[in-house]
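Q: Here it is, the structure in full.
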Amino acid sequence: MKKLFTFLFVILWMTQAFGQMVHPVHWSFTTEQNKAGEATLIFKVKIESGWHLYSQFTPDGGPLPMEFKFEPNGCYILDGKVVEPKPIEFFDSTFGVKVLTFEHEAIFRQKVKVKGDACTITGTLLYEACKESCIFPDTTFTFHVIKTGSAVSSNPVDTGSILIPPVSVDTSHKSSNLPDTAGAVPTSVAGTQLEPGCGKGDSDSGTTEQSIWGIFIAGMLGGFLALLTPCVFPMIPMTVSFFTKRSGTKAKGIRNAIIYALSIIFIYVTLGFLVTVTFGSDALNDLASNAFFNMAFFIIFVIFAISFFGAFEITLPSSIINKADSASDRGGLLGIFFMAFTLSLVSFSCTGPIIGTLLVEAAHGRSYLGPVAGMTGFALALAIPFALFSLFPGWLSNLPKSGGWLNTVKVSLGFIELALAFKFLSNVDLAYHWGFLQRELFVAIWVIIFGLLGIYLLGKLRLSHDSETMHISVGRLVFSIISLTFALYLLPGIWGAPLKLISGFPPPEFYKEWKTGKITECPHDLNCFHDYDEGMRYARSQGKPVIIDFTGWACVNCRKMEDNVWSDPKVLKRLSEEYVLISLYVDDKTVLPVEQQTVSKTTGRKIKTTGNKWSDLQASVYNTNSQPYYVLLDNKGQILAQPRGYTPDIPTYIDFLDEGLCRYDKRKEAN
C-alpha cells in the first residue's frame with residue numbers, strides 16, 4: 001500500500017511539475033562609457049546548472065541561434081555586431097551538426113554611438129535554452145545611455161519562460177518563416193498591452209481542465225461498459241466469494257477485496273502513465289491528426305468490431321496469462337496484486353478494444369494528463385463493484401445471472417466500434433481531400449449501423465454466438481428504441497440536416513456531394529479565407545478586424561464550435577458582417593510548391609504541406625498546437641483580445657467577439 005501511494009504521489013508531483021514556470025536563465029544589462037558619444041552595451045547572463053544556451057552562430061540545421069533585435073531609434077547607431085565569448089563546441093547527434101553553446105555564465109557586448117545628449121535603447125533578446133527539454137523565451141532589454149556618462153539599465157522583462165517538451169516551438173520569432181503580409185505579421189500575446197474598458201480579457205484557462213474531466217468521465221463510462229462484457233461480469237461474484245471464503249473472517253475478506261480493487265486501479269493508471277511518458281502530449285496530438293495513424297486506427301477498430309461480433313477473440317499469449325496466474329497463487333499482498341493482473345490479461349479480449357478506443361480519444365485531449373485521466377476513470381469504474389460487493393456481499397444475490405445477455409452487450413459494442421472506425425477514415429479523407437467519404441455517405445453508413453443495432457436488439461438479427469431469443473427484456477427493448485430513434489434522427493442528415501447531436505463526428509456540413517445554392521468551403525457558407533496573406537489583404541481593403549480560426553479536419557471540438565456556437569444568429573452575424581474569417585487547417589495535407597517548402601526555425605521540421613505552414617504559424621507565434629484556437633487581430637496584425645480555445649458557452653463567445661470589436665473601434669478612433 002505504501003508503494004502504491006508513493007507511486008501515485010510521484011505521478012501527481014510530475015504532472016504538477018510539468019505545468020510550472022521555469023526561469024533557468026537570468027539576464028542583467030549595464031553600459032560602459034568608452035568616450036564621448038560612444039558606449040558598450042553589456043549583456044550578462046547566468047545559466048542554472050545543467051542548462052545551456054546556443055550561440056548566435058549556430059550552423060544551419062542546428063538549434064535556434066541567439067538573436068539580438070534592437071528597436072530602431074534615431075538617437076543611436078550600432079557600431080559593429082554583438083561580440084560573444086568563446087563558446088563550447090561539440091557535435092550534436094540530434095541535429096547532425098556541430099553546435100556552439102554557453103554554460104553557467106557568459107557576457108555579450110555591443111558597441112553603440114550616441115547622437116544626442118541622452119538615448120534610450122530597447123530591444124528583444126531571442127534564444128533557446130535546453131536541458132532535458134527546451135524553452136524559447138523572448139526577453140526585452142532597456143539601456144539608458146548619456147553622452148558623457150552611463151547608467152544602469154532597467155530590469156529585464158522575461159515574457160515567455162514556459163517549460164515545454166523538446167518538440168515545442170519558439171514564441172519569440174514573430175516574423176521569421178511566416179507569410180509575407182506586407183506589415184500585417186501577427187503578434188505574440190506575450191507582453192501585449194490591451195486597451196482597458198473592452199472586457200475582462202479572460203483567457204480560456206480551464207479548457208484543459210474541462211477536457212481532462214471529460215476524458216475521465218469517458219473513461220468511467222468505458223469501465224462500466226467493460227463490466228457488462230462476458231470477460232469481466234462473471235468474475236465479480238467469483239472473485240468476491242473467493243475472498244470472503246478464503247480470508248477466514250469477513251473483515252479480512254473485505255480488506256483483501258479492497259486491495260484487489262486498488263490493484264486494478266494501479267495497473268490501469270500505470271498503463272496510462274506509461275503511454276504518456278513514452279509518447280508525450282505532442283506525440284499523442286500528432287497521432288490524433290496523422291493520416292497514417294488514422295488509417296491504422298480505422299483498420300484496428302474494424303478488427304475490434306469483428307472480434308466483438310464473435311468472428312474471433314483477441315487474446316494475449318497464453319504463456320503470459322499462465323505466468324501471471326501462477327504468481328497469483330502466492331499469499332499476501334503480492335498474490336492479490338497478481339490476481340488483479342491476471343484479470344486484466346484474461347479480460348483483454350473484451351477490455352482491449354475499449355481501452356484502445358479510450359487512449360486514442362485521449363490523444364485529442366492534447367494534455368499530458370489525458371491517458372492517465374482516462375485510465376483512472378476506467379479503472380475506478382472497473383474496481384468499484386469488487387469493493388462494494390465485498391462490503392455488502394448480500395447484494396451478490398441481486399446480480400443478474402450470466403447468460404446470453406452478456407454476448408448481446410459485446411455485440412452491441414461491436415456496432416459502436418464500427419461506427420467510430422469511420423470517423424478515423426473520414427479524418428484521412430478530409431486531410432487529403434480525396435472526397436470519397438463525404439458527409440452524405442458517412443451519415444448513411446451510421447444510419448445503417450445504428451439501424452442494424454436496433455434490429456439486433458429486437459432479436460430480429462442473430463449472430464453465431466447468440467442464443468435463441470424467446471422474448472426480449474425491457475432493457476433490450478429500451479435500448480433498441482434508442483438505437484432506432486437515433487438512426488431515424490440521422491436520416492435527414494443525408495439531405496443536409498444539421499445533426500447537432502453528433503457535431504464533430506461527420507465531415508463538415510460544407511464537405512458534401514449534393515450541393516445547392518451558394519457553396520463555399522466555410523461553415524454556414526460564410527465568406528472565409530484559407531490563406532493568411534489573402535485574408536489580411538481583404539481585411540485591410542474592407543477596413544475590418546480579423547478572426548483567425550486555427551482548426552483541423554480531424555478536430556472534433558472545431559466541428560462542435562462550428563455546429564453549436566457559430567450557428568447562433570448573434571455569433572453568425574458578427575462573423576459574417578463584423579469580422580473577416582481566416583480558417584487555417586493545421587492538418588491539411590496539400591503539398592506546397594517546392595519554392596515555398598522551408599525548414600521551421602522554431603521546430604526544425606520541414607514545412608512541406610499547407611497544414612505544416614499554418615501549424616508552424618500557430619506554434620511560433622502563440623505557443624500552442626491545440627485546436628480550435630481563435631485569435632482576434634486588427635488588420636495590421638495586432639492582438640485585439642486574449643485568444644480563446646474551445647468555448648462552448650455562446651454568451652462567453654459573443655463577449656469575446658465584442659471585446660475585439662470594441663478595441664478595434666478604439667484604435668480606429670485614436671488614428
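The values are calculated or read from the model by the stated rules, or taken from the named source; none is laboratory data. Note that this is a predicted model, so its numbers are computed, not measured. Cβ sites come from the backbone with ideal geometry, for glycine too, and all protein chains shown count toward neighbours. Note: areas computed on protein heavy atoms with side chains; ligands, DNA, RNA excluded. Shrake-Rupley method; radii C 1.70, N 1.55, O 1.52, S 1.80 Å.
Q: Of all residues in segment 607-634, which are in contact with a strand residue (DSSP E or B) (Cβ under 6 Å, 6 or more places away or on another chain) and either hydroxyl-bearing (Ser, Thr, Tyr) or farther than 18 Å from residue 531 by Cβ (or both)?
A: The answer is 609, 628, 629, 630, 632.
Q: Out of everything in segment 647-670 that is touching a strand residue (DSSP E or B) at 6+ places or on another chain (Cβ under 9 Å) and of a type outside the set (A, V, I, L, M, F, W, C), what residue ends up being modelled with the lowest pLDDT?
A: 647
Q: Any residue at all in segment 46-57 that is among the acidic types (Asp, Glu) and closer than 22 Å to residue 601 by Cα?
A: No, segment 46-57 contains no residue that is among the acidic types (Asp, Glu) and closer than 22 Å to residue 601 by Cα.
Q: Now, a different point. Name the single residue that is nearest to residue 451 (Cα to Cα) among those in segment 487-507 being over 29 Å from the mean Cα position of the chain (by Cα) and surrounded by fewer than 18 Cβ atoms within 10 Å (Cβ to Cβ).
A: Result: 488.
Q: Further question on the same structure: What's the number of the only condition in (1) loosely packed, with under 15 Cβ neighbours inside 10 Å; (2) at pLDDT 90 or above; (3) hydrophobic (A, V, I, L, M, F, W, C) that residue 106 fails to meet?
A: Evaluating residue 106 over (1) loosely packed, with under 15 Cβ neighbours inside 10 Å; (2) at pLDDT 90 or above; (3) hydrophobic (A, V, I, L, M, F, W, C) leaves (1) as the failure.
Q: Could I ask something else about it? Might you let me know whether segment 578-589 holds any residue that is touching a Pro at 6+ places or on another chain (Cβ under 9 Å) and in a helix (DSSP H, G or I)?
A: yes
Q: Oh, and also: Looking at 544, 512, 518 in this structure, which one is assigned to a loop (DSSP other than H, G, I, E, B), open to solvent by 10 Å² or more (accessible area, probe 1.4 Å) and modelled with pLDDT of 85 or more?
A: None of the other options fit; the residue is 544.
Q: Examine segment 564-574 for a residue that is of a type in the set (Asp, Glu), farther than 23 Å from residue 135 by Cβ and over 25 Å from the mean Cα position of the chain (by Cα), and state whether such a residue exists.
A: Yes, segment 564-574 contains at least one residue that is of a type in the set (Asp, Glu), farther than 23 Å from residue 135 by Cβ and over 25 Å from the mean Cα position of the chain (by Cα).
Q: Further question: Take residue 291 and decide whether it is at pLDDT 80 or above, crowded, with 16+ Cβ neighbours inside 10 Å and out of contact with any Ser or Thr (no Cβ under 7 Å at 6 or more places or on another chain).
A: no
Q: Out of 536, 561, report the one residue that is in contact with a Pro (Cβ under 6 Å, 6 or more places away or on another chain) and open to solvent by less than 30 Å² (accessible area, probe 1.4 Å).
A: 561
Q: Would you please name the residue that is surrounded by the most Cβ atoms within 10 Å (Cβ to Cβ), looking only at residues in segment 565-583 that are touching a His at 6+ places or on another chain (Cβ under 7 Å) and of a type in the set (A, V, I, L, M, F, W, C)?
A: Only one residue fits best here, namely 566.
Q: If you go through segment 432-472, how many residues are assigned to a loop (DSSP other than H, G, I, E, B) and under 30 Å from residue 513 (Cα atoms)?
A: 6
Q: Take residue 524 and tell me if it is open to solvent by 30 Å² or more (accessible area, probe 1.4 Å), over 20 Å from residue 441 (Cβ atoms), touching a helix residue (DSSP H, G or I) at 6+ places or on another chain (Cβ under 7 Å) and of a type outside the set (A, V, I, L, M, F, W, C).
A: Here the answer is yes, as residue 524 does meet what is asked.
Q: Continuing with the same structure: Among the residues of segment 605-643, write down those that are touching a Ser or Thr at 6+ places or on another chain (Cβ under 7 Å) and not in a helix (DSSP H, G or I).
A: 607, 609, 623, 625, 627, 628, 637, 638, 639, 642
Q: Considering (1) open to solvent by less than 10 Å² (accessible area, probe 1.4 Å); (2) farther than 30 Å from residue 65 by Cβ; (3) not hydroxyl-bearing (Ser, Thr, Tyr), say which one residue 643 fails and leave the rest.
A: (2)
Q: Give the number of residues within segment 430-448 that are crowded, with 22+ Cβ neighbours inside 10 Å and farther than 11 Å from residue 505 by Cα.
A: The qualifying residues number 2.
Q: On to the next question. Residues to consider are 591, 599; find the one that is modelled with pLDDT under 90 and over 23 Å from residue 510 (Cα atoms).
A: After applying the criteria, what remains is 599.
Q: Working only within segment 63-102, note down all residues that are among the charged types (D, E, K, R), over 33 Å from the mean Cα position of the chain (by Cα) and closer than 17 Å to residue 53 by Cα.
A: Scanning segment 63-102 gives 84, 86, 89, 98.
Q: Here's a follow-up. Only one of 586, 591 is in contact with a strand residue (DSSP E or B) (Cβ under 7 Å, 6 or more places away or on another chain), loosely packed, with under 15 Cβ neighbours inside 10 Å, β-branched (Val, Ile, Thr) and under 28 Å from residue 426 (Cα atoms). Can you tell me which?
A: Only one candidate passes the filter, namely 591.
Q: With the checklist (1) open to solvent by less than 60 Å² (accessible area, probe 1.4 Å); (2) at pLDDT 90 or above; (3) in contact with a Leu (Cβ under 6 Å, 6 or more places away or on another chain) in hand, flag the one item residue 479 doesn't pass.
A: (1)
Q: If you check 114, 145, which single one turns out to be at pLDDT below 85, open to solvent by less than 50 Å² (accessible area, probe 1.4 Å), hydrophobic (A, V, I, L, M, F, W, C) and farther than 19 Å from residue 66 by Cα?
A: The match here is 145.
Q: Does any residue in segment 464-492 that is within 19 Å of residue 447 (Cα to Cα) come within less than 6 Å, Cβ to Cβ, of a residue that is of a type in the set (A, V, I, L, M) and not in a helix (DSSP H, G or I) six or more places away or on a different chain, and which pairs are these?
A: If the second residue must be of a type in the set (A, V, I, L, M) and not in a helix (DSSP H, G or I), the pairs left are 480/458.
Q: For segment 34-59, which positions are touching a residue at least 60 places away in the same chain (Cβ under 8 Å) and among the hydrophobic types (A, V, I, L, M, F, W, C)?
A: 36, 39, 41, 42, 43, 45, 47, 51, 53
Q: Would you check which residues across segment 606-623 are surrounded by fewer than 24 Cβ atoms within 10 Å (Cβ to Cβ) and either farther than 18 Å from residue 64 by Cα or more than 19 Å from the chain's Cα centre (by Cα) (or both) and list them?
A: Selection gives 606, 607, 608, 609, 610, 611, 612.
Q: Sticking with this structure for a sec: Restricted to segment 39-59, and to residues that are aromatic (Phe, Trp, Tyr) and assigned to a loop (DSSP other than H, G, I, E, B), which residue is farthest from residue 84 (Cα to Cα)?
A: Only one residue fits best here, namely 51.
Here's the yes/no breakdown for (1) open to solvent by 30 Å² or more (accessible area, probe 1.4 Å); (2) of a type in the set (A, V, I, L, M, F, W, C); (3) at pLDDT below 80:
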position: 227; (1), (2), (3): no, yes, yes
position: 240; (1), (2), (3): no, yes, yes
position: 251; (1), (2), (3): yes, yes, yes
position: 275; (1), (2), (3): no, yes, yes
position: 278; (1), (2), (3): yes, no, yes
position: 287; (1), (2), (3): yes, yes, yes
position: 302; (1), (2), (3): yes, yes, no
